[in-house]
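The values are calculated or read from the model by the stated rules, or taken from the named source; none is laboratory data. From a predicted model like this one, the values you see are computed outputs, not experimental measurements. Note that each Cβ is placed from the backbone with ideal geometry, even for glycine, and that neighbours are counted across all protein chains shown.
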Amino acid sequence: MNLKNNATISCDLLVIGSGIAGMVAAARAASLGLDTVLTGSSSGFFLTSGLLDFLGVYPVESSQVLESPFNGLDQLRKQNPDHPYSKIDNKTILESLDFTARILSSGGLEYSSAKNTNVNILTSAGTFKPSFLVPQTMIKGSSIGSGKKKILLADFKGLKGYSAALIAQALKRRHMDVTTVTIQVPQLTGDFNVMRMAALFEDDAFLHRTAKQIESSVQDREILGLPAVCGIHNSQDSMKKLENLTGLDCFEIPGLPPSIPGLRLKNAFETHILKNKVRVFNNVKVAFTAFENEQILFTTDGEPFRTQIAAKGVILASGRFPGRGLAAHREVIRETVFDIPVYHPQQRSLWYQLDFFSPQGHPVNRAGILTDSDFRPVDKTCQPLCENVYAAGSILAHNDWTRLKSGAGVSCVSAFCAVNHFHARKKIK
Amino acid sequence: MMFETLFYISLFLCAAGCIFQWVRFRRAGLMFKPASSDRFNPGRLYPNPVNLILSFLNTIFQIRLFAAGKIRWLFHFFVFAGFLYLVTVHAFHQVTAVVLFDYYDPTVDPFQFLRNLFGSLVVAGCILFFLRRGLRLRVNQIKSNWGSHLKYKGLVSIILVFLIVGTGFLLEASKIISEPVFMEMVEDYSDLEEGDELEELKLFWQEKAFVSFDPTVPADPEKLKNGQVLNEVYCISCHSDIRSSFVSCLLADLMSFYGTVLNQTRVDVMLYRVHYGLCLALIVFLPFSRLNHIFLIPLSIAVKNQAPKTHHQKTAQVFGASLFACTNCGYCSQVCSVYPHFQITGNPDVLPHSKIETLKKIADKHPDVSLWGLQKGNNACTQCNKCTQICPSGIDLQTLWAVTHRIFSDNALVNNQTFFNRILPEAWADLETEPRMLIARQELVSDLIEKTDAFENCIQCTICTNVCPVVEYDSKDNDYTPQQVMNLLRLDQKHLASGTRMVWTCLTCYACQDICPQKIPVTDIILELRHLGGVRADAVKLQQTVKKRVEIS
Amino acid sequence: MKLAYFPGCKISFYLKAYGDSFESVMKHLGIDLVRLEFNCCGYPARGEHFEISVFSAIKNLAVAHKNKLDIITPCKCCFGQFKHAVFWYYKHKNLKTKIDDLLDQENLSWDGSTQIHHLLSFLYHEIGLDTLEKRSVKKFSGKKIAVQYGCHALRPFSVTRFDHPYAPTIFEDLVRVTGMVPVEWPKSTECCGNPILEGHKALSLTILENKFKSASLAGAEYICTACTHCQMQYEMTDYESDIDTHGVKPVLFTRILDAAFGGKTVF
């Protein structure tokens, strides 16, 4: 994206929000040949694990991990007809997830899934988390769930928030065969920096030294688990090299933010959409100004070099509270771009359950924007507010994605479908 | 004989003055000596002959001044060209004109005319200079606060030149009307005795050459004609028509009203002594007055021409004499890149023309010099070379500003970067500052620190720290990371935050700011912290200097 | 087309080659560069004195405005400072009042209409890649080059609007015009280290050395710059002999372009 001062630009589709939903929407729009503009900040990716979940748990109260997301899907649709997944058939869902994997691959990052089933991924807390699309650097870790593998866990001296011993302790409780090794990194002194650690993996000499330090601990081990810091720009290659050097299968274990897999995800999305001529306004806020001649007009912030954007359609993927798509006031939750009515419990006292760890989750977690079956926000009478405004991602109501382990899935699927609907409607015209 | 003796005494004094000044200039140059660890090679400081000749030629026509300001050049050229002619052809005619032209005589055209012409140029130039000063039209006077201490700079030299040429004209006029001089000439160059012929010649000179006779010779056309013949016989070979000395004629005409009195008191002899005395005064004061720029400018240009054009200033040196080649013209400050700095702070030592005066004062150990102002002002210099390019005196200002910091050996005058390198943030936060000095610098800031909404949303996610190149490469020495600095602010520890190494090593690359998921303007906050720390550090440093002064006195 | 040329402070003495080649390139493209009485852009005063830094920049814009010209600068720090100053000028009402008063004293004013171009954004938007391609008579096919973006033009994006702050493409596109091949250089948007050269020299040179090293790892023969300060930083190797450049040479983009256009520059 390159910009002149005081430009007025027009486009087919404006995507507000640069999270997973925004990125998928922009990529989908570009693939359909739409002239697309993307705004918002993509730095939220640093807070994501890099795993793309689909539906890990259903119903919420059961806390039961689903072996296949489709096992829970029918029940979900029956009990929660307003959930985004209830508006889409299984085929489209799979198609959109497949699309996401393909664009990431085009951005240089491979994701794989295990044939319509969830994959259980070991986290740095020593727990297993169900996910659907998994980075290639982590996928081998799913094999340890069986408990038959001889596991070696490595950590780096000084790396905060990650301890191989702690994870091993948790795994031993599950009767797994685990040993640990701590790798010294002489280059790193003082404040330990995850990014710098990850950058080291791109240096062959560092990989050799690391392999050498692991050598004595290898013995009868079959698989090596590492914190998810193995390279930024070329993690897959670094991983392969390390496998060749140690002779073990290797996998990454996702942990606390700032998350390197999240950064890779961001880079891959950005590489793909920039390659496909999406214009990106990074870290720029847009303000809605008017509807005019079937166009929706916006201005960006930044006096006096504001940019006017005239879009034929809008995908609102601005997220919830952290993404500033929704703003909570004392008694009311507002949507920040159009001030679309937000579905939420009437009184503030009802936003949360008394039990903080209540298995059903809190009502406020299901707050968001109500849409029609095409993902267009609706008013109180359930009529679309505007012909060409769509919503996607976590801003959608009736979607407690943290508890259902369905965040990325809802985002990918709703964004993909919303763009499809916009495109179809545009073609009819 | 006495005149000659006086002349040689003056020359001796002038030579002594030159030596004195040279020692002074050298001392000024040594002020900028590089630290002992660096190689110091003063040999290069003396210009080679070729450069010297080139720059001298440049000085004759003042090409640099012409480029800087045409009007000032015109005034200057009037005075310079006129005075140069008078000195070479008139004052030293025995070694110049007499040798070169066998028909030379000061009262013969073209010399008589030229002397008046060049003399009038000098007078005109001087008057224009006076007017320019009086009407405050000089570049360095336009802005009243540029430095009133420069008001009378160089005035003595102009007055001296004006007086010399003025008395010269008066001398010539007084000689024109003088009866005694006429009689001496008649005695020396004719065989006329008292009688009709002398009367006829007197009449001719009275009518045609303004001599005041007492009593007046009665007019008679017949006698006048005879007088003209006598003039052709005795006088014309040495005296062209007196009217070619147009200025002196005019003055003589005026003086002839009091001709008798003036002639009786031998005013011409008195004026000769005054004129000669002033010339000797000029010679004696030459090394000390502004007039030394005639020699210092070619010297400093020659030195500059051989200075290396590089941005490696470690071993750069300053040619002390070039400091004194400054004529306070003020063109440098007119083009100064950091002029807005002066507009906001009002510190004249931001501007080159004022800085160089301060430096000269420091070299001479002048008591009331604000090193503080100079340090602050010079710190603002961006080394844009504009002042050096325009300087009519050809001073190597570029190098001068680059090495000026070397004279601040005093610890209280270090720049803020160094100041914060030497103090730990915790110690810094506990320092007490005098509020009076903080109030003195109450200026507008970006208002990010005082209003909490800029940083209160920080979730300490460490992304800023992770993308920070300083944290990456400075891991051994860095103290607080960007996210910790934000946290210090949330803990209301802004002074501690402003003294952290992180704040002062920040590259201002904005990597953190653009990636912050909470849109916290991390870099802009760090920049404001630097400002906050800088203001407070200035107060601390000022306090220390004041304390030191009190202790000394 | 006429533009006010803002060379910045450093070019005249420290980096004449940049000024000369920049002017040559502009001449080739038929751009008339007008020299006005500009002062410092205010970048060096950033963080030292907020008022001075903003006022300096706005005053330059006012001078350009008085002459009814837009500004072009080859320096990224100057460019960034202009944008930065404009941002604060409008955001900070008290500051705006103060600056307007000071401008008024000199019969100047500014209404925000002056456009600020950097060399790269100007070539990309106003001249266009096609024109540049057509004008390049000489091609440097196959030469591998890493591009140094320069922080102050790139970030913060919301203020500078130069290009994507982490994944910019404009410089690579421009370099391709001359036939050169831009390499994937992870550090292309990272700081060159120049801002702390005086205060923390050792750290500044460490950063510089890492730039050379990573560029060489990325397979580059040259590092291309389009910023006065970046180029000066890379040229520090002329004075600090113990910096290992890994055989990578810094080169000014205008020199490549001038050579490609058949100008005097030998490259």
The strands (runs of 3 or more DSSP E) lying entirely within the range A:239-324 that contain at least 3 residues which are more than 30 Å from A:LEU385 (Cβ to Cβ) are A:249-253
Scanning the range B:61-72 for residues that are closer than 21 Å to B:VAL161 by Cα and free of Cβ contacts under 8 Å to residues at least 24 places away in the same chain, the one surrounded by the fewest Cβ atoms within 10 Å (Cβ to Cβ) turns out to be B:ILE71
With B:SER475, B:SER498 as the choices, which residue is in contact (Cβ under 8 Å) with a residue 12 or more places away in the chain, within 12 Å of chain C (Cβ to nearest Cβ) and among the small types (Gly, Ala, Ser)?
-> B:SER498
Within the range C:209-249, work out how many residues are basic (Lys, Arg) and either within 22 Å of B:THR508 (Cβ to Cβ) or crowded, with 21+ Cβ neighbours inside 10 Å (or both).
-> 1
Working only within the range C:62-76, note down all residues that are within 12 Å of chain B (Cβ to nearest Cβ) and either within 17 Å of B:CYS384 (Cα to Cα) or buried (at least 24 other Cβ atoms within 10 Å of the Cβ) (or both).
-> C:CYS75, C:LYS76
C:ALA167 passes all but one of the listed conditions (1) more than 10 Å from chain B (Cβ to nearest Cβ); (2) part of a helix (DSSP H, G or I); the exception is number (2)
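Residues are listed down the side, and each one gets a yes or a no for (1) among the charged types (D, E, K, R); (2) buried (at least 22 other Cβ atoms within 10 Å of the Cβ); (3) without any contact (Cβ under 8 Å) to a residue 12 or more places away in the chain:
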{"residue": "C:ALA4", "(1), (2), (3)": "no, yes, no"}
{"residue": "C:LYS16", "(1), (2), (3)": "yes, no, yes"}
{"residue": "C:GLY19", "(1), (2), (3)": "no, no, no"}
{"residue": "C:GLY30", "(1), (2), (3)": "no, no, no"}
{"residue": "C:VAL34", "(1), (2), (3)": "no, no, no"}
{"residue": "C:CYS41", "(1), (2), (3)": "no, yes, no"}
How many residues are within 14 Å of another protein chain (Cβ to nearest Cβ) and of a type in the set (Val, Ile, Thr) when one looks only at the range B:353-402?
-> 4
Among the candidates B:LEU250, B:LEU299, B:LEU282, B:LEU262, which residue alone is closer than 18 Å to B:PRO180 by Cβ and not in a loop (DSSP other than H, G, I, E, B)?
-> B:LEU262
Being more than 14 Å from chain B (Cβ to nearest Cβ) and either closer than 26 Å to B:THR465 by Cβ or at pLDDT below 90 (or both) is the filter here, so list the residues in the range A:176-188 that pass it.
-> A:THR182, A:ILE183, A:GLN184
With respect to A:ASP191, determine if the residue is away from chain B (no Cβ under 14 Å) and either farther than 22 Å from A:GLY126 by Cα or at pLDDT 90 or above (or both).
-> no
Filter the range B:187-204 for residues that are surrounded by 20 or more Cβ atoms within 10 Å (Cβ to Cβ) and touching a helix residue (DSSP H, G or I) at 6+ places or on another chain (Cβ under 6 Å) and give the result.
-> B:GLU200, B:LEU201, B:LEU203, B:PHE204
Pull up the range B:437-446, narrow it to residues that are within 10 Å of another protein chain (Cβ to nearest Cβ) and in contact with a Lys or Arg (Cβ under 9 Å, 6 or more places away or on another chain), then point me to the one that is surrounded by the most Cβ atoms within 10 Å (Cβ to Cβ).
-> B:SER446
Does C:ASN194 fit the bill of being surrounded by fewer than 23 Cβ atoms within 10 Å (Cβ to Cβ), out of contact with any Pro (no Cβ under 8 Å at 6 or more places or on another chain) and modelled with pLDDT of 90 or more?
-> no
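When you scan the range A:355-363, do you find a residue that is small (Gly, Ala, Ser), more than 14 Å from every other protein chain (Cβ to nearest Cβ) and in a loop (DSSP other than H, G, I, E, B), even just one?
Checking the range A:355-363: at least one residue is small (Gly, Ala, Ser), more than 14 Å from every other protein chain (Cβ to nearest Cβ) and in a loop (DSSP other than H, G, I, E, B).
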Looking at (1) closer than 20 Å to C:HIS164 by Cα; (2) within 13 Å of chain A (Cβ to nearest Cβ); (3) at pLDDT 95 or above, can you tell me which one C:LEU119 breaks?
-> (2)
Name the one entry in A:ASP35, A:ASP74 that is surrounded by fewer than 22 Cβ atoms within 10 Å (Cβ to Cβ) and without any contact (Cβ under 8 Å) to a residue 12 or more places away in the chain.
-> A:ASP74
Hey, any hits in the range C:142-154 for a residue that's among the small types (Gly, Ala, Ser), touching a helix residue (DSSP H, G or I) at 6+ places or on another chain (Cβ under 6 Å) and in a helix (DSSP H, G or I)?
-> yes
Please state which of the following conditions C:SER12 fails to meet, knowing it meets all the rest: (1) free of Cβ contacts under 8 Å to residues at least 60 places away in the same chain; (2) more than 18 Å from B:ARG441 (Cβ to Cβ); (3) more than 8 Å from chain B (Cβ to nearest Cβ); (4) among the hydroxyl-bearing types (Ser, Thr, Tyr).
-> (3)
Can you tell me how many residues in the range C:194-206 are touching a helix residue (DSSP H, G or I) at 6+ places or on another chain (Cβ under 6 Å) and more than 7 Å from chain B (Cβ to nearest Cβ)?
-> 3
Of A:ILE260, A:ILE273, which residue is buried (at least 24 other Cβ atoms within 10 Å of the Cβ), within 14 Å of chain B (Cβ to nearest Cβ) and under 28 Å from A:ALA26 (Cα atoms)?
-> A:ILE260
How about the range A:199-209: which of its residues are more than 9 Å from chain B (Cβ to nearest Cβ), surrounded by 16 or more Cβ atoms within 10 Å (Cβ to Cβ) and assigned to a helix (DSSP H, G or I)?
-> A:LEU200, A:PHE206, A:LEU207, A:ARG209
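Considering every residue within the range C:209-224, establish whether at least one is of a type in the set (Asp, Glu), more than 10 Å from chain B (Cβ to nearest Cβ) and more than 18 Å from A:ALA199 (Cβ to Cβ). Steps first, please.
First, the residues of the range C:209-224 that are of a type in the set (Asp, Glu): C:209, C:221.
Next cut, more than 10 Å from chain B (Cβ to nearest Cβ) only: C:221.
Checking the rest, the ones that are also more than 18 Å from A:ALA199 (Cβ to Cβ) come to C:221.
So far as the range C:209-224 goes, yes, one or more of its residues are of a type in the set (Asp, Glu), more than 10 Å from chain B (Cβ to nearest Cβ) and more than 18 Å from A:ALA199 (Cβ to Cβ).
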Does C:GLU23 satisfy the criteria of being among the acidic types (Asp, Glu) and buried (at least 22 other Cβ atoms within 10 Å of the Cβ)?
-> no
The one condition in (1) outside any helix (DSSP H, G or I); (2) surrounded by fewer than 21 Cβ atoms within 10 Å (Cβ to Cβ); (3) of a type outside the set (Asp, Glu); (4) within 14 Å of chain A (Cβ to nearest Cβ) that C:LEU108 fails to fulfil | (4)
Test: A:THR307 is within 13 Å of chain C (Cβ to nearest Cβ), surrounded by fewer than 20 Cβ atoms within 10 Å (Cβ to Cβ) and not aliphatic (A, V, I, L, M) | no
Note on the range A:47-82: residues in contact with a Cys (Cβ under 8 Å, 6 or more places away or on another chain) and in a helix (DSSP H, G or I) are A:LEU47
Looking at the range B:219-232, is at least one residue of a type in the set (Val, Ile, Thr), over 43 Å from the mean Cα position of the chain (by Cα) and part of a helix (DSSP H, G or I)?
-> yes
